[in-house]
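Q: The structure follows.
All of the numbers you see were taken from the coordinates with simple rules; none came from a lab. Note that the structure is a prediction, hence the values are computed from the model and not measured. Positions of Cβ are backbone-derived with ideal geometry, glycine not excepted, and every protein chain shown enters the neighbour counts.
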């Protein structure tokens, strides 16, 4: 999907695909009136890291007196096989935790950009008035993800004149072959959403069919959201078993007629368990799917992962 400049982090709760998984009932925060945060803008600081293997990095992109509704990470200079561990909202900031899983011949410098799509109370130089973009559209494109941990990129553009607000990556629902996806990068450009992912299935197998998704705001295509003036966040805690336990589930916006804008996840207990994001994408106009895996061994124990969703409603 694609990011554009606007809202939210949709509701997600995971249900396990490879092992037992326990989830609590999703809880929601109070809705935020769009009228109080009528402007949108993407902020993108640069982080100076290195490509040391298995060293976890944290990047925070903060909005000036507003709310972060989605975010991402990309490599601007250097090479690394990053894995996204966490991607979630934290009030005025969007938080990312990533790790390089490929041991370099020698440690090199990296320039990494973080992203946050912010709702703001007052206009800044690059801000756009939210009310000027009255239609919400979900679009996606299929691309091949070769097996054997080959990094592969995908991009989904928003229609001309529209603005990307969020996006994601997932395995095509019609694909029936083997796949073990890992999400490496996920970030916006001026009018589209970009992803980079790998497929950990045996190299002798076929490529998996992946999809890049974008959520766009514009004036011509999509659902009319002129009367949708409330944004809310929902979250649910799930347990992901140790030793390659997997959780994958769609979480729907709880209000009838609401639309999903974005999604994310955060490890809140058992950080040594080594949670990695596999997929994160909108599976319908009103629901978001997230898949995670626990790479930690049994000594590290199970992990508790908090899933986030942002929705917009009347």
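Q: Relative contact order of the chain, please, whole-number percent, based on alpha carbon pairs below 8 angstrom and at least 6 residues apart.
A: Relative contact order here is 28 percent.
Q: What is the distance in Å between the Cα centroid of the stretch 205-244 and that of the stretch 256-314?
A: Computed from Cα coordinates, the inter-centre distance equals 11 Å.
Q: Could you order peptides 259-265, 98-104, 123-129 by the average number of other Cβ atoms within 10 Å of their residues, highest first? Can you show the working numbers first?
A: Values: 259-265: 29.1, 98-104: 18.0, 123-129: 12.4.
Going by the mean number of other Cβ atoms within 10 Å, highest first, we get 259-265, 98-104, 123-129.
Q: Among 51-64, 70-83, how do they line up by average Cβ neighbours within 10 Å per residue, starting with the highest?
A: Numbers: 51-64: 16.4, 70-83: 21.6.
Going by the mean number of other Cβ atoms within 10 Å, highest first, we get 70-83, 51-64.
Q: Give me 228, 169, 281 ranked fewest to most by other Cβ atoms within 10 Å of their Cβ, as a rough exposure proxy. Before the final figure, lay out the partial values.
A: Values: 228 19, 169 31, 281 28.
Lowest count first: 228, 281, 169.
Q: Only counting other Cβ atoms within 10 Å, I'd like 272, 140 sorted with the fewest neighbours first. Each step should come with its number before you reach the end.
A: Details: 272 13, 140 21.
Fewest-to-most ranking of 272, 140: 272, 140.
Q: So for each of 158-167, 178-187, 215-224 I average, over its residues, the number of other beta carbons within 10 Å; can you give me the resulting order with the highest mean first?
A: Numbers: 158-167: 24.8, 178-187: 22.3, 215-224: 19.6.
Those peptides, ordered most packed to least, come out 158-167, 178-187, 215-224.
Q: With N set to the number of residues, divide the alpha-carbon radius of gyration of the stretch 157-314 by 2.2 N^0.38 Å and report two decimals. Please report the intermediate quantities before stating the final value.
A: Details: Rg = 16.8 Å, N = 158, 2.2 N^0.38 = 15.1 Å.
Here the Cα radius of gyration is 1.11 times the empirical estimate.
Q: Based on the alpha-carbon set only, what is the convex hull volume of the stretch 32-142 divided per residue, in Å³? Before the final figure, lay out the partial values.
A: On the way: hull volume 14.0 nm³, N = 111.
Cα-based convex hull of the stretch 32-142, divided per residue, equals 126 Å³.
Q: Another question, then. If you split all Cα-Cα distances of the stretch 124-226 into 5 Å bins from zero, what percentages do you get per bin, shortest first?
A: Final binned percentages: 3, 14, 21, 18, 14, 11, 9, 6, 4, 1, 0.
Q: Taking the inverse of the average 1/r across all pairs of different Cα atoms in the chain, what Kirkwood radius in Å do you get? Don't skip to the end; give the middle numbers.
A: Values: mean 1/r = 0.0527 Å⁻¹.
The Cα-based Kirkwood calculation yields 19.0 Å.
Q: Using only the Cα atoms of the stretch 27-75, each taken as one equal point scatterer with no solvent, compute I(q) by the Debye sum, divide by I(0), and report log10 of the ratio at q = 0.24, 0.25 Å⁻¹.
A: Scattering profile of the stretch 27-75, log10 relative to I(0): -1.04, -1.09.
Q: Moving on. Output the antiparallel fraction of DSSP beta bridges having both residues in the chain, as a percent to the nearest 5.
A: Working: 118 of 119 bridges.
Of those bridges, close to 100 percent are antiparallel.
Q: With a 10 Å Cβ neighbour count serving as the proxy for reagent exposure, in which order, fewest first, do 49, 193 appear?
A: Details: 49 18, 193 33.
Placing the least packed residue first, the sequence is 49, 193.
Q: Expressed as cubic angstrom per residue, what is the convex hull volume of the alpha carbon set of the stretch 209-281?
A: Details: hull volume 9.8 nm³, N = 73.
Value for the stretch 209-281: 134 Å³ per residue.
Q: Using only the Cα atoms, what convex hull volume per residue in Å³ does the stretch 187-233 have?
A: Details: hull volume 6.9 nm³, N = 47.
Spelled out: Cα convex hull of the stretch 187-233, divided by residues, is 147 Å³.
Q: How fast does the stretch 134-182 diffuse by Stokes-Einstein, in µm²/s, taking the Kirkwood radius from C-alpha pairs at 25 °C and 0.890 mPa s? Mind showing how you got there, number by number?
A: Working: Rh = 13.1 Å.
Value of D from the Cα-based Kirkwood radius: 187 µm²/s.
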